[in-house]
Structure formats: structure tokens, C-alpha cells
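Rule-based calculations on the coordinates, nothing more; no lab input. For clarity, every value in this text was computed on a predicted model and none was experimentally measured. Here the Cβ is made from the backbone with ideal geometry for all residues, glycine too, and neighbour counts use every protein chain on show.
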Amino acid sequence: MSFNNVPITQIVLKQYRYKLRAYYQVFTSLVVMQLLALLFSSGGIMTSGGGSYGVNAHLNTYTGDLIIIFTFLWGFINAITITTKAYREDDFLFVTNRQSQHLSNMLFLATASVIGGLTATLAGYLLRVIIYWTSDEATFAGMIDDPTTFIDPLISIVTVALYVVMFCAFGYLIGNIIQLHRLFMVIIPVLVVGGLLFDPPITLKIYAFFVGETNILLFLLKTVVTTVFLFACSFVPLRQKEVRP
Amino acid sequence: MNVIEATDLTKTYKGVPAVDGLTVTIKSDAITGIIGRNGAGKTTLLKMLVGFIKETSGEMNVFSEHPFNSLHVSANSIFIDDHMLFPDALTLGELLKEGERFYTNWDMTFAKTLFDYFSFHPDQHHNQLSKGKKTTFNMIFGLATRSELTIFDEPTTGMDAAVRNDFYRVLLKDYLAHPRTILISSHHLDEFDHLLEDVLLMDEGQQVLHMPMDDLKEYAVSLTGPDAVVGQWLYDKTVLAKKQSAPGMMQAVVKQDFAIEQAERLGMKATPVAASDVCIYLTAKTKGGIDDVL
Amino acid sequence: MSNVLIGIMPILLLLAVIGLLFAVGMRLLKSTKLSGIVRRWLFPGYLLILVIAFGLSFVLPLEGDSGASGDRTFHKKKLPDLFMIPQNTGSIDMLDDYLVNTWKLETDEETLHLVIRGQENLNNIAVKRKKAADGVVEAELYVTPYVIDGIDMTTGFLPKTHMEVHGRTLAVETPDRKRVDISVFQKNVSVRQFTQKGWLSSLDERGGFGVSTSETTGNKASSPWEYKNNGRLHSTELLYLEIPADVEIEGRNNKNIYMVGNGR
């Protein structure tokens, strides 16, 4: 007998490369999501205004915020998607076990998050160019924050990628829990809405914990630790998951 | 050497056993048929062997490892049936390339030759194929992996007769060129008994018999004679089936643990029983079959 | 409880709509025959466009402080309050920057009846009697800009105000309100989080942690200046009339009219 002896790292890398090819629609859906967000953003995210002598003034503020939020949503949905039966069982056509499957999924989601962060950031610049070209020069007032620096896109890419990977880890956990039992499809939304109703709102605390963090290194620490924790939890239901039972 | 060793293996679904205390060993480099009626536990056993599902109790080793979550077992085994899900995003050509990347023994020339012979197109997608085409592609994929343990679960479902014959020929040729352990499950032994070296007959999650094909062919004999003679003869024999063949005449299938000459001397006519019929008799639910129920 | 529910309803609805659009979009992508090509090239094409846009964004004058787009940034920290200044100081010397219109109207009547027509109301009319009886009414309209988020919303967009003398009537025709839309950019939330001062300070109070950063603003009611508050400055307007020494003005709405200088 001639056995294939394969170290797990090699299999994980093979699966990772396979997933980049086979889960191509993940990136197609990213484009769809961000184009939708661009469309919604082109009307101005925030409008403030008021009347004065002879003029009813509206200040339309354009930001890439909605694109970023849509990208979070994309990450969350996709992470759930790759825990579904069809995706999970695809892996078992080829060489895999549940550890290598989990590791390659994490690698894939991390890569997707970086791509999400990159495209969401750049799409913000695309929005600016579009708005510049479609608006009248007289009514165009440019950037109200400090001038853009070259470090800005870098901060944005890193931050969005960290947020997205955290959303992915969260979606991945939820997806794996749902795979455990269908009933969780009902229980989890109930818990989330319950969390919103709680007083003081837990969701607000969580929101402030991440969004309120203005030190980028602490933010990095918070998100990375959370992501690792969520991914670790996801492996518990996945470890004993049977294929095509 | 034994590729598979299982002791008191049990798998239950919601309390109902699918495989029930099975103890079996399967030797390497042989084609073994897993035969049984629907719901005999064949598929459950095979899925446990490749680590898809986990046994409820008992012990099991494949290549001396517990298959569930074993990378070694996964790298050296393949499970082929008509429910295989291939990713929609990849074309058939790309799927073969992925197979090559994952399975180190993959034979691309072999895969391509069959791919062309069965007139597949590399740009097709698996979900666009007809049922028969799907199973054919799955078969090509499975054989091309050259896995040390290759498992076909009801491989010919949906194939037409010509493709089915092609499949058996390909399987045998490939096995002769690259001997390995091949398991084929089916509910009837009829058309591929010439391939098999061993037969494992299962019923209700348990092993009914496990023996070389040659022994199975001589396992039982059919005796025909007058009622009284046959009736008396059967007294201390293991009867698999019996029926009234004509008024006053009885036909009985019995386990062949005696010398046929003795029976012939008493005026009974002995005819051999095909291996597939033996399997049917051994796993029949009631002695009389469906006629007795209705 | 129900408040919170009502509060999150729009978000849930929005999410539902997004999900639906997304599903429809993906279904369309899947069903079309050219989906193979679309699927292959959609993402790389999108990336290419993004990179080009990114490059362009550094070439185009998109920043608030550069090129034509910079003109709308309002740098001053305060504006004179036109309701206050003439009354307090009796002079309009400091208002030259905000002059939008002047009229010189001749009259030989002794009494002029001031009539304001049109949509806008002139909240503030100051009248000064000249020393000479030269038969000329000199009128000046001052409007300070309306500023939101440090952006001048009105300069250059003010519609014309008309004024004329018709016998004994001094008529002011105020303009219809005109809608002005100004576009500005704000940096992405992912950048603002780490660069904006006072980021999420309002949330701090509600969440009950951190230090509140809200500042108290003193009472400036009597000040002739209006100070920028949260980047906002209100617009005030003033019609300043200099009338010949021998002319009397009577208005319908007397409380908006007051005499300044060496008048009563």
C-alpha cells in the first residue's frame, strides 16, 4: 500500500486556496453589496439645514459609512453561508478533517475581511469622485474634516478589516450554532432583540466598547482578542459535526 | 493485512440502530461487495469508515486509525455515491484540477481519458448534469483519486445499461492495474458478482455472512422432489426457502452442509443456487415473502 | 420598552430591504446566461475602477482647503449680529463685508410709507436721518452668511431683493426662498473613530462611562457678536435706510423699525 502522508498545514493551505477559487461568489456578492451601498450613499448620508434670509440651505454630507456598514453585513452573511451544509460538505469531497476545515475557513474569512476592508475604503474614494463629478462646482465644498492624509486610507483599511473579521467570526459562530439545531434560528434573533431591550442596553455597551475606542492599538487588541475567542467557540459545535448523516 | 477492523460497531439515529453491533474485518487489496436490502445499514457503515459520521459505540479502525477527524484516513479514502455535492462555482475541468491538488496519487491521464470517453465538457457544471451523468462523473472522480480505500455506495443508480457495463469494466481494469481496497455496496449482487472477491451480507445493521465469493456460490443448493421425501430430508437442515413447485412436489433451498450425492440418491434433483439468490433468501423478511402478508 | 422597539424598527426594516435586494441581485447574477463572464470579471473590474478612483481622488480638488471647493469654508469664528450692532453702536462701520445690495432712490414726498412685500420678512430695519435734505433715500441691505459645519451656505446664492419708491410708498420686494444644496465630504467612520476630536462624546453620557466632554456655553444674549457653535452660525439681515432730513418714515410694523444715530 502506498499511503499519502499529508501534514495538516499543507492540507489547510490547499483547502484555503481551493476556497478562494470555489467561494468566488463571495466576492461577487461583495461587489453587489458595495454597489448597492454606493447607490444609497449617492443621495447624501446626512442632511442638515435650515432657512435664512432668502435661502433654504441644505448641507448634504457624503461619507463612505454606509459602504462600510454594508461590508460588515456582507461579512456576517457570508460567514453564516459558509457554515451551511452545502459548503461544509464540499470540503469532504477532498482531503479534510474538521480541524483543517475550521482553520482554512478562518484563513479564508480573514482574507475576505482584508479584501472587504480594502474595497470598502477605496469605494469611499470612488464615492467622492462620483459626487465631485455630479455636483455643481459652486455648491461643492469638499472635505469638512481635516485634509486627507496618506495614512487615512491605511487606517481605514486596517480598521474596516478588523471590524469585518469580527463580524465574520460572529456570523461563523452563529452559523455553526444554527447547524447544531434548527431551533437556534429562532432563539438567536430573540436573544439579539432582547439584548436591545435590556436596560441599560447591552448592545450599546458593546457598541461603545469597540466604536468608542479611539486608540488604534487598543482597538486592534480588542478586536483581535474577540475574533480569536469567537472563532475558538465556533469550533466546539463544528468538532463533532457529522457529514451527510 | 486488514484495512478495516470494526468491533461491536453500533450507530443509532434517535434510538433506532442503523448499524447494530457489527464486528467485521476487511482485508486489503480486494474488491468487497457490501450487499443488503434497503435500510440494512450499508451506507451508514461506509460513511463511518470514511469519517463522515461518528459511531455511537464500539470500536473501529481504518488504516489503524479512528477515521472520524483523521486526516490520514481522509487523504487515503474516497466515498462515492450519487449524492455527492460539488461546489457550483467550479466547472468539471476545474474540479478535476482540484482533485489533482488534493490527492497525491491522482491520475490525471486516466481521468481525462474517461472524461472524454463519456463525452463530458470541461466547462460544464456538476449541477447541470443529468442524474446518470452525475454518477458517471462521480465514478471517474473517485477512481482517479487512486485512494487506498475506494468506496462506491450504490454506484450504478441512474446509469443506463451500457454505461453500467462500461463502469464495471473500467473498475476491474483499473483495479487490476492498481490493486487497492475497493468496497461496493448494492442491494443486489446480480450484475457485478464476477468482480467481487469477498461478500459482506448485511441485514438490520448486522452481519449475515462474510465470505469469499467462491464460497458463496456453493453456499446453498436447491432440492426438488416429492413432498414426503423433501419434507423428511429437511428435518435437520438449514432451510432458506421452500415452496410448492407442482402438486405433490416441493422445492427447497438449503444450506449446503452435506454431500449432494446423498440427496440425489433419495430421488431429489439438486440444482445450484446463484449467489445473488442466496443473498435474497438469507435476508428475506418472512419465510413466505410478500405473498404471505397480503 | 416600546420606545426602543419603535427605535429599532427602521433599522430592522432597512436590514430586511437590504437582504431582499441582495437576494434578488444574487439570483439575477445566477440566472443570466452571461453569468460566467460577469462572475469572472465583475470583481476584477470593480477593483480596477476602485484603484483608478483612488488615484483620481488625490488629483481632483476634493479637499476643503484647495481649489474652487475651498471657497465655501468659513474661517471666521464670529459674525456680527445685525439685530444688535446698529442699536448698540449706532454705526454700521464693521458690516461692510456683508453688504449685498445698495439703492439710491429719489423722492420729493415728506412722508414715506414703508411696505415690505414678498415671502421673506425683514426682521430688522434701521433708519438714520441724514443732515441734508437732498431728496435721496439711500438704502443698504446687509445679510450675514448662514454657516453649517463651517461651510458658508449662502454667499453667492442670495436671490435679489428689489426696492423702489412709488409716490408715497417705499416698497421692498423680498425674494422667494431658494433651495441651496451644498455637498461636503466627511471622512469614513473608520478614520473618524481615531482622528475626530470628541468622538462619541454624546454616547459617553448615555452609556454612563468615561468623562463627559460637553462644554457649557455662556450667555451671550447681549453680545453684538454671534459665535460659532458646533460649526453653526445663524444668518441675520439688516435693511439700513438713510433718509433725507425732512422726510418721515412710517411703517406698518413699527416694532421692526428703529431710529439710530442722531435720531430720536
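Some values worked out for this structure:
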read-out	value
For the range B:219-293: rounded, prolate or oblate by the Cα gyration tensor [a/c cutoff 1.5]	oblate
Exceeding the 23 Å Cα-Cα cut-off - candidates A:LYS205/C:LYS197; B:LYS112/B:LYS133; A:LYS205/C:LYS228	A:LYS205/C:LYS228
Charge dipole (debye, nearest 20) of the range A:100-245; +1 at Cβ of Lys and Arg, -1 at Cβ of Asp and Glu	880
Computed over the range A:101-190, the ratio Rg/Rh where both radii use C-alpha atoms and Rh is Kirkwood	1.19
Percentage relative contact order, the range B:2-216, counting C-alpha pairs under 8 Å, at least six apart	30
Residue mean of other protein chain beta carbons inside 10 Å, B:89-99	3
Cα gyration tensor of the range B:1-68 - equivalent ellipsoid semi-axes, whole Å, descending	19, 14, 10
Using alpha-carbon coordinates, inclination of helix A:8-22 to the longest axis of chain A, degrees	50
Distance (nanometres) between label positions extended 7 Å along Cα→Cβ at C:VAL17 and A:VAL190	3.0
Choice from A:LEU183, A:LEU36, A:LEU73 with maximal GNM fluctuation in chain A (Cα, 10 Å cutoff)	A:LEU183
Lysines with Cα under 19 Å of C:LYS160, excluding same-chain neighbours fewer than 8 positions away	C:LYS104, C:LYS178
The range B:117-201: GluC sites (Glu not before Pro) falling in loop per DSSP and having at most 16 other Cβ within 10 Å	B:GLU197
Dipole of the range C:57-195 [Lys/Arg +1, Asp/Glu -1 at C-beta], most positive-end residue of C:THR111, C:LEU79, C:ASN121	C:LEU79
Rounded tilt (10° steps) of B:161-177 against the dominant C-alpha axis of chain B	80
Largest to smallest principal axis extent of the C-alpha atoms in the range B:190-234, angstrom	39, 25, 16
Full-stretch length increase - B:ALA89, B:THR7 - with 0.36 nm per residue and alpha-carbon distance subtracted	25.4 nm
The range B:2-216: antiparallel DSSP beta bridges as a percent of all, rounded to 5	50
Using alpha-carbon coordinates, inclination of helix A:98-134 to the longest axis of chain A, degrees	20
Dipole-positive endmost among B:ALA161, B:ALA144, B:PHE115 within the range B:2-216 (Cβ charges, Cα centre)	B:PHE115
Relative contact order (%) - chain A, alpha-carbon pairs under 8 angstrom, separation at least six	23
Computed magnitude of the charge dipole of the protein assembly as shown (debye, nearest 20; Cβ of K, R +1, Cβ of D, E -1)	580
Over 16 Å [Cα-Cα, the range B:212-261], rounded percent	38
Percent of beta bridges antiparallel (DSSP, the protein assembly as shown, rounded to nearest 5)	60
Gaussian network model of chain B, springs between alpha carbon atoms under 10 Å - residue of B:VAL230, B:VAL16, B:VAL221 with greatest fluctuation	B:VAL16
Within straight-line cross-link reach of B:LYS11, lysines at Cα separation under 26 Å, skipping those fewer than 8 residues along the same chain	A:LYS85, A:LYS241, B:LYS27, B:LYS42, B:LYS47, B:LYS54, B:LYS285
Cα-only radius of gyration and Dmax that characterise the range A:148-221, units Å	15.9, 49
For chain A, convex hull of alpha carbons as volume per residue, Å³	173
Rh (Kirkwood; distinct C-alpha pairs) - the range A:122-245, Å	18.0
For chain B, built as a Gaussian network whose Cα springs stay under 10 Å, the top-fluctuating residue of B:ALA111, B:ALA18, B:ALA161	B:ALA161
Among B:LEU234, B:MET211, B:PHE192 - extreme Cα towards positive end, dipole of the range B:190-294, charges at beta-carbon	B:LEU234
Cα gyration tensor, the range B:39-95 - rounded (a/c under 1.5), prolate or oblate	oblate
Mean projected area (nm²) of the alpha-carbon convex hull when the range A:26-159 is viewed from all directions	10.6
Neighbour count of at most 13 Cβ within 10 Å plus DSSP loop: longest trypsin sites (Lys or Arg not before Pro)-free window in chain B	B:15-284
Total lysine pairs under 27 Å (Cα atoms) in the range B:152-255, excluding pairs fewer than 8 apart on one chain	8
Whole-number percent relative contact order across the range B:219-293, with pairs defined as alpha carbons under 8 Å at least 6 apart	39
Around C:GLU173: net Lys/Arg minus Asp/Glu count, Cβ-Cβ under 12 Å	-1
Pairwise label distance in nanometres, C:ARG168 with A:ARG244, each label 7 Å out on the Cα-Cβ vector	10.4
At 0.692 mPa s and 37 °C, Stokes diffusion of the range B:2-216 via Kirkwood alpha-carbon radius, µm² per second	187
For the range A:90-145, convex hull volume per residue from C-alpha positions, Å³	98
The protein assembly as shown: radius of gyration over Cα atoms, expressed as a fraction of 2.2 N^0.38 Å	1.52
